[in-house]
Amino acid sequence: MTQDTLSPPLIEFRSVHKHYGTVPVIRGIDLTIRRGEVVVICGPSGSGKSTLIRLVNGLERLSAGDILIDGQSTAGLDGAALRRLRTRIGFVFQQFNLYGHLTAAANIALAPRKVLGLTDAEAFRAAATLLERVGLGDKGDRYPSQLSGGQQQRVAIARALAMRPEILLFDEPTSALDPEMIGEVLAVMRSLAESKITMVVVTHEMGFARELADRVVFLDEGVVLDDAPPERFFGATGHPRAKRFLSQLLSPLHQVGG
């Protein structure tokens, strides 16, 4: 993808730290993500990837530093201010997090009704449109237990889109799926990437990163070790830890889809 380098910053990490007790997880990260970019964050288990994106919408709280969204500080936000921030940021979880007692359509319609003030009719019309967008137009009356893992994740993506977010965060969206279901979720993500919505994706799906990311950010032990366009990251990363990660992940025994 070609990224307009003049597009304004949308997310700015400024000397961001996160620790649990005395254990550091994120250690002084400075990172800028521009409006419309697709940024893949990768690295070994325990490197701080998921924590980093959970800091963006306040699911985790900063220990030090600041994160700016569209130039506005988010440090210390709470209550109504934090809820307003979260209306701008969609989050797709690894484990779907759908309400089991609600149909697919009702899961999608819930937040627009409660937060955006849409009527039931408006919210369910929007849910039907979003289900079509993710290839599940005939599944609106199904409950999560009646859907495959890939279908549940696509409902979760539609639910995130229902709030009309400026930013979509994905936390290992395919890691809980059987291999044959990964492709259907990646196809939806591919469509979203091509629509120019700002996406930050924590994933090991290197095919997706190579094809659609504007940048690949490599983390290890809570530090950014490389931040590069995919052609350089995959072809000539200069960091030995990133090289070792790629050699292990892309070896014949660890090929990934996408």
**Request:** Filter the stretch 122-164 down to the residues that are outside any helix (DSSP H, G or I) and basic (K, R), then identify the one that is nearest to L102 (Cα to Cα).
**Result:** R142
**Request:** Would you be able to say whether some residue in the stretch 230-242 is at pLDDT 95 or above, under 18 Å from the mean Cα position of the chain (by Cα) and not basic (K, R)?
**Result:** yes
**Complete:** For the stretch 82-106, the count of residues that are within 11 Å of N57 (Cα to Cα) and not β-branched (V, I, T) equals 8
**Complete:** Residue set Q94, Q72; condition farther than 23 Å from D226 by Cα and without any contact (Cβ under 8 Å) to a residue 12 or more places away in the chain; output residue Q72
**Fill in**
Among G36, G43, the single one that is surrounded by fewer than 22 Cβ atoms within 10 Å (Cβ to Cβ) and of a type outside the set (A, V, I, L, M, F, W, C) is G36
**Request:** Please give the number of the condition T119 fails out of (1) under 30 Å from R61 (Cα atoms); (2) touching a Lys or Arg at 6+ places or on another chain (Cβ under 9 Å).
**Result:** (1)
**Asked** Any residue at all in the stretch 153-167 that is basic (K, R), out of contact with any Pro (no Cβ under 7 Å at 6 or more places or on another chain) and crowded, with 18+ Cβ neighbours inside 10 Å?
**Response** yes
**Asked** Of the residues that make up the stretch 5-17, is at least one within 22 Å of S175 (Cβ to Cβ) and not in a helix (DSSP H, G or I)?
**Response** no
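The values are calculated or read from the model by the stated rules, or taken from the named source; none is laboratory data. Quick caveat: nothing in here was measured; it's all calculated off a predicted structure. No Cβ is skipped: glycine too gets one built from the backbone with ideal geometry, and neighbour counts run over all protein chains shown.
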